[in-house]
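The values are calculated or read from the model by the stated rules, or taken from the named source; none is laboratory data. These figures come from a predicted structure and were not determined experimentally. Note that we place each Cβ from the backbone using ideal geometry, even for glycine, and neighbour counts take in every protein chain shown. In case anyone asks, the SASA skips ligands and DNA or RNA and just uses the protein heavy atoms, side chains included. Shrake-Rupley method; radii C 1.70, N 1.55, O 1.52, S 1.80 Å.
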Amino acid sequence: MKIISKTSNIFQWLILISIIGVSFGLSLNASLQESAIMDELAHIPAGYGYVKYFDFRLNPEHPPLVKALAALPLLLQSASRRINFPTDSPRWQEDVNGQWAVGAQFLYEYGNDANKIINWSRLGPMLLTILLIIFVYIWASELIGRWWALMPAFLIALSPTILAHGHYVTTDIGATLGIFIATYYFVKLLLRQTKRNYIFAGIAFGIAQLMKFSAVLLIPFFIFLTIVFCAYKIYSHWNEALVERYKKAFISIIKYFSILVSVFAVGFLLVYAVYFIFTVNYPIEKQRADTEFILSSFADGPDTKWETCNLNSDIKISRRVRCLAEINIWMSQNKIFRPLGEYMLGILMVMQRSGGGNTGYFLGEVSAGGWWYYFPVVFILKEPLPSLILIFLALILGIWNIIKNFKIRLILRNIENYIGTHLSEFSMLAFVVFYWLYSIKSPLNIGVRHIMPTMPFIYILTTSAIKKWFNLINADNDRIIRKIIVITSNLTKIVIKSSLIFVLISWYFIEIIFATPYYLSYFNELGGGVNNGYEYVTDSNYDWGQDMKRLKKFVENPPNGEKINKIAVDYFGGASPKYYLGDKFELWWSARGNPIQENIEWLAVSINTIQSALGKLHPGQQRKSEDEYQWLQKIRDPYKPEFKAGTSIFIYKL
């Protein structure tokens, strides 16, 4: 039996390694064909500035860990081949958060090989993706068994959303991994208070905070979990004597909230240490000046005098926010607190950005106010249909199980038993609900990537429900005929269910293979597929500037024997058209009119720009008529270009 068990374990790990290998291969293949997306133009130089110069002046609105990890391969590369960084540029020396200008100089203007820098930098996020797959398998195996754990690992590894954003130098894959492992270790600590669990839970919480500022939501979420688990412990002793009951209740409250405080303390100690390292060479005078300038428009700006800030109960909320800005400015000029001041600055910048929303295109409309139904709709359009079927089936099974066992008088007992025996499952479900409600409320609707942190939990919960669906009916019966009938019925059900799951998993795999390498622009059949998803939504769901290298190939080798001497380009993204197209490129925009007037016969426009120009305006939204490509609409249908570079750049022969 031991030999069989050992062989089975080896086989399981071989399957997992194969899943990871396929995921990495597909991700790497996509990465090598794509140019820098919008956010990478800021994140890559920022990370290099952190690890090379220990200076945090760039991109403070995002924590450093993903960017620093992405920059580490560049340090190894620079050891054998010089990498030029624009520390002599006024954009670095004088600008406040000159991330975009410094990024353009670093990648495209200082004699560096932009493609090599981008490709090496993306190895860091791909490593985080591999770690995410492994941790999904580990936690799932503890809950539903090793064989069943391969299913959520497979779903997360080949998710088009993960394959797309798992190879970009952005904070989204970091947030997904950080939140997942932080929740995993915190739940383990609640269930079992060991020194190892204390350390791991604290470090994991700190890592999550260093990945993306949305991980701040773990603070209220962990408080909620602690309250729920503490209430469960108290309720489990409620039938004891009065004195003993209150004694144990008091001990439980002290114990579990001490756990919570210790996790937060260790986590923020790690945050402080990392920010301390990356702000060592950030001149304190510049940090203060940068902080003050960035926050000058925050909640009508901070007051000029620190003494004027007081928080009486009759002061308005906006006043309290201004006080946070004042505190941040004070911390930025204090040698001890300035690492935390830089962390706090990032949080305030995210608050400011989230509150302001982002102008985008969705379902034919252009708005900066957001849509409450944005994330549910985008998830349904971009998630592969087979996994949607699995998720929907799991949801129906869960609802049916609740209805079937619903008895009002047993509600408290059922809740108590569920939390006591399924705390991990409860924490996953609670986080999905909590995070989705927060995302739906937020007006910052720029991509399905913002709900990526919930996807590992959704896949594990789905697999858990499917596994329960496979449970056999008890075949114990004194009558042999009845037992044979029950066994036969069970086997028939197992065959049917197994066939259904096999078909869905195979469909999922085939779907992903056929979509390669266009994972960013992936939409399922309901969303129009890879080629037509832009009709519903754009931005980081479809067009993030990833196709500039493909435009370069098109210009160098146009079809039908055409020759392109010059092409007008209206591009949205993080690449440099001049770097890739050289003298064949002419910067263009709608207001410049028809390029044919300047003897340019070709026009390339990012679909994100087209949709922003042509989409119906939400009430109150404004757009200049010269920015609407009216001249292009008069001569042709903008949605029917002669050619495309990849999926996101539309090419017109004028």
Report every pair of residues separated by at least 6 positions or lying on different chains whose Cβ atoms are under 6 Å apart, first residue within the range 82-109 and within 23 Å of Met349 (Cα to Cα), second surrounded by 19 or more Cβ atoms within 10 Å (Cβ to Cβ) and polar (S, T, N, Q).
Gln99/Asn59
Does at least one position in the range 64-79 carry a residue that is in contact with a Phe, Trp or Tyr (Cβ under 9 Å, 6 or more places away or on another chain), part of a loop (DSSP other than H, G, I, E, B) and either under 26 Å from Ser214 (Cβ atoms) or of a type in the set (D, E, K, R) (or both)?
yes
Can you tell me which residue among Glu342, Glu292, Glu307, Glu383 is among the acidic types (Asp, Glu), open to solvent by 60 Å² or more (accessible area, probe 1.4 Å) and either within 24 Å of Lys212 (Cα to Cα) or modelled with pLDDT of 95 or more (or both)?
Glu292
With the requirement that a residue be assigned to a helix (DSSP H, G or I) and either touching a strand residue (DSSP E or B) at 6+ places or on another chain (Cβ under 8 Å) or open to solvent by less than 80 Å² (accessible area, probe 1.4 Å) (or both), what does the range 80-104 give you?
Pro90, Trp92, Gln99, Ala101, Val102, Gly103, Ala104
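Does Ser27 satisfy the condition of being more than 29 Å from Gln352 (Cβ to Cβ), assigned to a helix (DSSP H, G or I), at pLDDT below 95 and not aliphatic (A, V, I, L, M)?
Values: more than 29 Å from Gln352 (Cβ to Cβ): yes; assigned to a helix (DSSP H, G or I): yes; at pLDDT below 95: no; not aliphatic (A, V, I, L, M): yes.
Taking the combined requirement at face value, the residue does not satisfy it.
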Answer yes or no as to whether Val187 is part of a helix (DSSP H, G or I) and either among the hydroxyl-bearing types (Ser, Thr, Tyr) or under 18 Å from the mean Cα position of the chain (by Cα) (or both).
no
For Ser489, state whether it is farther than 25 Å from Leu393 by Cα, surrounded by fewer than 22 Cβ atoms within 10 Å (Cβ to Cβ) and either touching a helix residue (DSSP H, G or I) at 6+ places or on another chain (Cβ under 6 Å) or at pLDDT below 95 (or both).
no
Contacts under 6 angstrom Cβ, first residue in the range 12-38 being open to solvent by 60 Å² or more (accessible area, probe 1.4 Å), partner not in a helix (DSSP H, G or I), 6 or more apart
Asn29/Pro517; Gln33/Pro517
Filtering the range 395-423 down to residues that are at pLDDT 90 or above and within 22 Å of Phe221 (Cβ to Cβ) yields Leu395
For the range 440-471, enumerate the residues that are open to solvent by less than 10 Å² (accessible area, probe 1.4 Å), in a helix (DSSP H, G or I), under 21 Å from Tyr542 (Cα atoms) and not aliphatic (A, V, I, L, M).
Pro453, Thr454
Could you count how many residues in the range 52-92 are more than 28 Å from Gly178 (Cβ to Cβ) and among the basic types (Lys, Arg)?
3
Please work out if Ile600 is without any contact (Cβ under 8 Å) to a residue 40 or more places away in the chain, assigned to a loop (DSSP other than H, G, I, E, B) and in contact with a Lys or Arg (Cβ under 8 Å, 6 or more places away or on another chain).
no
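Of the residues Thr183, Thr279, only one is under 30 Å from Gly47 (Cβ atoms), in contact with an Asp or Glu (Cβ under 6 Å, 6 or more places away or on another chain), touching a residue at least 60 places away in the same chain (Cβ under 8 Å) and open to solvent by less than 30 Å² (accessible area, probe 1.4 Å); which?
Every option except Thr279 fails the conditions.
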Top-ranked residue in the range 46-63 [being in contact (Cβ under 8 Å) with a residue 60 or more places away in the chain and not in a helix (DSSP H, G or I); ranked as surrounded by the fewest Cβ atoms within 10 Å (Cβ to Cβ)]
Phe54
Exclusive hit being modelled with pLDDT under 95 and touching a strand residue (DSSP E or B) at 6+ places or on another chain (Cβ under 7 Å), set Leu603, Leu654
Leu654
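Only residues that are touching a residue at least 24 places away in the same chain (Cβ under 8 Å) and either in contact with a Cys (Cβ under 9 Å, 6 or more places away or on another chain) or open to solvent by 40 Å² or more (accessible area, probe 1.4 Å) (or both): list them for the range 326-339, please.
Matches in the range 326-339: Glu326, Trp330, Gln333, Lys335.
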Going through Gly145, Gly178 one at a time, which residue ends up being more than 30 Å from Tyr580 (Cα to Cα), modelled with pLDDT under 95 and either surrounded by fewer than 20 Cβ atoms within 10 Å (Cβ to Cβ) or not polar (S, T, N, Q) (or both)?
Gly145
Of the conditions (1) of a type in the set (Val, Ile, Thr); (2) open to solvent by 60 Å² or more (accessible area, probe 1.4 Å); (3) touching a residue at least 24 places away in the same chain (Cβ under 8 Å); (4) not in a loop (DSSP other than H, G, I, E, B), the single one that Val263 does not satisfy is (2)
For Gly574, only one of the following conditions fails: (1) loosely packed, with under 13 Cβ neighbours inside 10 Å; (2) of a type in the set (Gly, Ala, Ser); (3) in a loop (DSSP other than H, G, I, E, B). What is its number?
(1)
In this structure, is Phe186 closer than 17 Å to Phe135 by Cα and not small (Gly, Ala, Ser)?
yes
Selection over the range 624-638 where residues are open to solvent by less than 20 Å² (accessible area, probe 1.4 Å) and either free of Cβ contacts under 8 Å to residues at least 12 places away in the same chain or at negative phi (or both) yields a count of 2
Members of the range 517-531 that are within 21 Å of Ser23 (Cα to Cα) and assigned to a helix (DSSP H, G or I)
Gly529, Val530
If you go through Ala613, Ala568, the only one that is part of a strand (DSSP E or B) and either over 30 Å from the mean Cα position of the chain (by Cα) or closer than 19 Å to Gly360 by Cβ (or both) is Ala568
Please determine whether any residue of the range 577-600 is closer than 30 Å to Phe379 by Cα, of a type outside the set (D, E, K, R) and open to solvent by less than 10 Å² (accessible area, probe 1.4 Å).
no
Quick one: which of Phe224, Phe257, Phe229 is open to solvent by 10 Å² or more (accessible area, probe 1.4 Å), touching a residue at least 24 places away in the same chain (Cβ under 8 Å) and under 20 Å from His422 (Cα atoms)?
Phe224
Within the range 536-558, the residues that are more than 23 Å from the chain's Cα centre (by Cα) and open to solvent by 40 Å² or more (accessible area, probe 1.4 Å) are Lys552, Lys553, Glu556, Asn557
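Does Pro641 count as buried (at least 17 other Cβ atoms within 10 Å of the Cβ) and more than 30 Å from Gly370 (Cα to Cα)? Step through it out loud before you land on a result.
Numbers: buried (at least 17 other Cβ atoms within 10 Å of the Cβ): yes; more than 30 Å from Gly370 (Cα to Cα): no.
For Pro641, the condition - buried (at least 17 other Cβ atoms within 10 Å of the Cβ) and more than 30 Å from Gly370 (Cα to Cα) - is not met.
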